[in-house]
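Have a look at the structure below before the remarks.
The values are calculated or read from the model by the stated rules, or taken from the named source; none is laboratory data. Owing to the predicted nature of the structure, the values given are computational and were not obtained by experimental measurement. Here the Cβ positions follow ideal geometry from the backbone for every residue, glycine too, while neighbour counts run over all protein chains shown.
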Amino acid sequence: MLLLLAAALPALAQTEEQPTGTITVDDSAEKDAAIAVRIREILSELDGFDDVTVTVSSGIVTLRGTALDAASVGRLNEIAGRVEGVVAIENEVSETTDVVRRLNPAVERFMGRMTQIVAFLPLAAVALTAFLAVVFLGYLAARMRWPWNKIAPNAFIADILRTIVQLAFVVGGLVVALDILGATALLSTILGAAGIVGLAIGFAVKDTVENFIASIMLSIRQPFRPNDTIEIGGDLGKVIRLTSRATILLSFDGNHIRIPNSTVFKSRIVNYSTNDERRFLFDVGVAPDSDLARAVQIARETLEALPFVLPTPAPNVWVEAIGDSTIAIRLTAWIAQHETSFVAARGEAIRKVTGALGAAGIAMPEPTYRLLTPLAPPAGAAASAPAPAPQPAAAASGEALDVEARMDQELEAIVEGERAETSADDLLTEAAPKE
């Protein structure tokens, strides 16, 4: 099939690019000779047509011999057709099968390119030097503490600014180098390819990019501070640190909770430590036959007498619900949690209120059940009286409060110790504005 195709190429070339126009009636040997001489002179100045012979008869040009490739064969029709007086072209030229002749142009092109590369090396060295100089200046600018630490709200943002500056200098160095080489047109191609690659990588690591952006936003907004008690998606604990990847909490059981920043940024955050005033509440059950008005009054007076309870907003007590064997009274009071432990204050309030109600004879019974039976009690049997409610043991005032406060302080000490060990990786700063 290849031989048939090679044999058909001269015929195909013969049918292409034939001369057009009106054919004259004059015919002379001198004119044919002039046409042949002119075509031979043109081919002698071109490479690859040394074996081509030209004959002209009555304005018909016949080309025979061999050429380097099919493109050269087709080019003969174009050359001969442009000579004045040519009526038609018979192109019988075929591609050469001489290996040496086919390789010589490739060798010549290779040697020419090597010569160009050698001549180009000094200019390339200058361009490379300029590129490295600009990149080095960018490296020095990125290593400076000022003004990046001054502009950025924290070290994480400062590092991002340094990276952006360094990348800008790299692109600038590339522009300078390409301008020296006279190849600035390649810059758009390089940037376009980099954009496509960056887009593909962005889709591949979407979660990582989302987490990185969330870290930037959290480091700027800073919705919490170290040692704040917060709740994120049901996880409750004290803030240890905010890193470039996760927010780390210390639970009240002493466990580390690591939450990805993308989850933190999208979640509902409850910060229990932002406001100094915080309300605690608890319920107390009293017997259904108790004097509820008196129980509410005693409970309110007890709360108001506690030294850590704030007068404003004032403590409040009300009847919340009625159960099977008890009536629930709800008590609320406010404290300054930056001065008093929330857990300790609530526990001490429960202790004081239950003691005051017990001392006033207001019972807080356990659930009881009445059994109906047809059997009558024995004659003369006296109904047993209910046992008196046990009185709470006396305790030194404030002793329980101090114990629970020390527990809270110990947790804060653990958090401070954790932060001191890895302070360089923390994005939380007191100087940054708090949301």
Inset, instruction - Looking only at segment 32-54, decide whether some residue is part of a strand (DSSP E or B), of a type in the set (Val, Ile, Thr) and at pLDDT 85 or above. - result: yes
Inset, instruction - Collect the residues in segment 286-327 that are under 53 Å from the mean Cα position of the chain (by Cα), surrounded by fewer than 19 Cβ atoms within 10 Å (Cβ to Cβ) and within 19 Å of Gly361 (Cβ to Cβ), keeping them in residue-number order. - result: Val319
Legend entry - Output for segment 206-240, where each listed residue is at pLDDT 90 or above and basic (Lys, Arg): Lys238
Inset, instruction - Please specify each residue of segment 147-185 satisfying the condition of being modelled with pLDDT under 75 and over 30 Å from Gln222 (Cβ atoms). - result: Thr184, Ala185
Inset, instruction - Select, from Asp47, Asp51, Asp27, the only residue that is touching a residue at least 24 places away in the same chain (Cβ under 8 Å) and loosely packed, with under 12 Cβ neighbours inside 10 Å. - result: Asp47
Legend entry - Flag for Glu84 being assigned to a loop (DSSP other than H, G, I, E, B), charged (D, E, K, R) and either touching a strand residue (DSSP E or B) at 6+ places or on another chain (Cβ under 8 Å) or over 30 Å from Gly172 (Cβ atoms) (or both): yes
Inset, instruction - Scan the strands (runs of 3 or more DSSP E) fully inside segment 251-350 and keep the ones with 1 or more residues being farther than 28 Å from Glu412 by Cα and modelled with pLDDT of 90 or more. - result: 277-286, 316-322, 327-336
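So that you can scan it fast, the table gives a plain yes or no per residue for (1) among the polar types (S, T, N, Q); (2) assigned by TED's automatic domain parsing to the domain that holds Ser58; (3) outside any helix (DSSP H, G or I):
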residue	(1), (2), (3)
Thr115	yes, no, no
Pro122	no, no, no
Leu128	no, no, no
Phe131	no, no, no
Phe136	no, no, no
Ala141	no, no, no
Trp146	no, no, yes
Ile157	no, no, no
Ile160	no, no, no
Inset, instruction - Would you confirm whether any residue within segment 262-281 is exposed (fewer than 15 other Cβ atoms within 10 Å of the Cβ) and more than 40 Å from the chain's Cα centre (by Cα)? - result: yes
Inset, instruction - Quick one: count up the residues across segment 89-110 that are part of a strand (DSSP E or B) and hydroxyl-bearing (Ser, Thr, Tyr). - result: 1
Legend entry - Set Leu63, Leu68: member being farther than 30 Å from Thr22 by Cβ, surrounded by 13 or more Cβ atoms within 10 Å (Cβ to Cβ) and assigned by TED's automatic domain parsing to the domain that holds Lys31: Leu68
Inset, instruction - Starting from segment 135-147, take each residue that is farther than 18 Å from Gly172 by Cα and list its partners that are of a type in the set (Gly, Ala, Ser), counting only C-beta distances under 9 angstrom and pairs at least six apart or across chains. - result: Arg145/Ala158
Legend entry - Any chance Ser57 is polar (S, T, N, Q) and closer than 24 Å to Ala106 by Cβ: no
Inset, instruction - Could you pull out the residue among Arg109, Arg143, Arg101, Arg113 that is charged (D, E, K, R) and over 30 Å from Glu78 (Cβ atoms)? - result: Arg143
